[in-house]
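The values are calculated or read from the model by the stated rules, or taken from the named source; none is laboratory data. Here the structure is a predicted model, which means the values were calculated and not measured. Methodologically, a virtual Cβ is constructed for each residue, glycine included, from the backbone with ideal geometry; neighbour enumeration extends over all protein chains shown.
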Amino acid sequence: MIAFIILLAIIIVLVLACVGIYNSLVTLRNRFKNAYSQIDVQLKRRYDLIPNLVETAKGYLAHERGTLEAVINARNQASSANARAAANPGDANAIKALIGAEGALTGALGKFFALAEAYPDLKANQTMSQLMEELSSTENKIAFARQAYNDAVMAYNIGREKFPNVIIAGAFGFTEAVLFEITVPEEREAVKVKF
């Protein structure tokens, strides 16, 4: 009888430990998903600003249609990739696709701003200056949101890789989360929005 009670106590302790580990993994996963939602908010803000920038510049850069279209196409691809990533921030492929699309958008914006600097009337335009300031502010917010996301992902990945957490993580499908990191050196350069 005593052996049965001891065995039952051990089983109860093990079950409670598994429940605790499972709950901590759920908490960590929800934290990184919430951190991604902060990136999502700022990216949407940037995606909303870009068409206004292009529209403002259109009159000045009428013969630079290819650059303007490249910015809009890159913006649309990044927006689509962001929608897929926002639907499931734990999907490594969606995050990697977003990182690639964001790199393309950063490159297109860099070309746009380099071209815009050659037009003094555009640089003097009040609307363009305001949009550039808002975009610059948004870029800073995106950087902070990415840092918070990466911190949350790192905490989640460490939590799921510890022993015995790794056993529970594997049994319940807690897959590794992907950091939002820049892989192409050109993307590391901030978008120049200063006139």
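Figures for the structure shown
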quantity: So residue 64, is it free of Cβ contacts under 8 Å to residues at least 24 places away in the same chain and not hydrophobic (A, V, I, L, M, F, W, C); calculated: no
quantity: Residue satisfying condition, being exposed (fewer than 14 other Cβ atoms within 10 Å of the Cβ), more than 14 Å from the chain's Cα centre (by Cα) and modelled with pLDDT of 95 or more, within set 3, 9; calculated: 9
quantity: The lone exception for residue 25 - which of (1) farther than 24 Å from residue 141 by Cα; (2) not in a helix (DSSP H, G or I) it fails; calculated: (2)
quantity: Which numbered condition residue 44 misses (of (1) touching a residue at least 60 places away in the same chain (Cβ under 8 Å); (2) surrounded by 14 or more Cβ atoms within 10 Å (Cβ to Cβ); (3) within 27 Å of the chain's Cα centre (by Cα)); calculated: (1)
quantity: Residue match in the range 77-86 (condition: assigned to a helix (DSSP H, G or I), touching a Phe, Trp or Tyr at 6+ places or on another chain (Cβ under 6 Å), surrounded by 14 or more Cβ atoms within 10 Å (Cβ to Cβ) and without any contact (Cβ under 8 Å) to a residue 40 or more places away in the chain); calculated: yes
quantity: Residues that are under 18 Å from residue 41 (Cα atoms) and polar (S, T, N, Q), drawn from the range 57-111; calculated: 76, 77, 79, 80, 82, 88, 106
quantity: Filtered residues of the range 140-178 (kept if within 22 Å of the chain's Cα centre (by Cα), part of a helix (DSSP H, G or I), aliphatic (A, V, I, L, M) and closer than 16 Å to residue 32 by Cβ); calculated: 145, 148, 152, 153, 154, 155, 158
quantity: The listed residue being out of contact with any Lys or Arg (no Cβ under 9 Å at 6 or more places or on another chain) and modelled with pLDDT of 95 or more, out of 82, 52, 23; calculated: 23
